[in-house]
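Remarks on the structure that follows.
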């Protein structure tokens, strides 16, 4: 009995290793290589320094109308949020001023009192909003919504217009409270 068990185990192990080698050389005919156009459509990230910002522009006034049309259903009429699913994105809670989040983690983290880079707003809205149709906004619409969100959070004036150059120049109120990640990888990772 023991000899038969060893024989069956040996055959099973041998077949697994031969199947593994055969499997790595198989082609399953699933999918295809992405075209350059498909890659370009998804390669739309924007860095904190504004690298990758596209051409286009938008005003706060345009953003107000777009927000009411495409964003308010989830974020509230004025960006106050619809808890618990959709947190506030507009509002400068006086209790949070001075970056008090370490002392009270329940404080609302809105664009005006927590986000370190204005370009991150553009990047996030462009790729992930609106929730029902992510990536469907034009660059002009994203600039307009970003302008509205920054103005509603008292970061830029209500009559402002944004484009790539002006968005790069926006300094967020608490940008200096974030520590830049200076890790390089390999043995130098801290």
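The values are calculated or read from the model by the stated rules, or taken from the named source; none is laboratory data. Quantities reported herein were computed from a predicted structural model and do not represent experimental measurements. For neighbour counting, all protein chains shown are included, and Cβ atoms are generated from backbone atoms with ideal geometry for every residue, glycine included.
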Residue that is at pLDDT below 95, buried (at least 16 other Cβ atoms within 10 Å of the Cβ) and touching a helix residue (DSSP H, G or I) at 6+ places or on another chain (Cβ under 8 Å), where the choices are 143, 148, 174:
174
May I ask you to verify whether residue 64 is surrounded by 15 or more Cβ atoms within 10 Å (Cβ to Cβ) and under 24 Å from residue 175 (Cβ atoms)?
no
For the stretch 100-149, what are the residues that are more than 21 Å from residue 42 (Cα to Cα) and without any contact (Cβ under 8 Å) to a residue 40 or more places away in the chain?
100, 101, 102, 103, 104, 105, 106, 107, 108, 109
Are there helices (runs of 4 or more DSSP H) fully within the stretch 98-183 with at least 1 residues that are closer than 25 Å to residue 85 by Cβ? List them.
111-114, 118-128, 139-152
Looking only at the stretch 89-106, count how many residues are in contact with a helix residue (DSSP H, G or I) (Cβ under 8 Å, 6 or more places away or on another chain), more than 20 Å from residue 157 (Cβ to Cβ) and at pLDDT 85 or above.
0
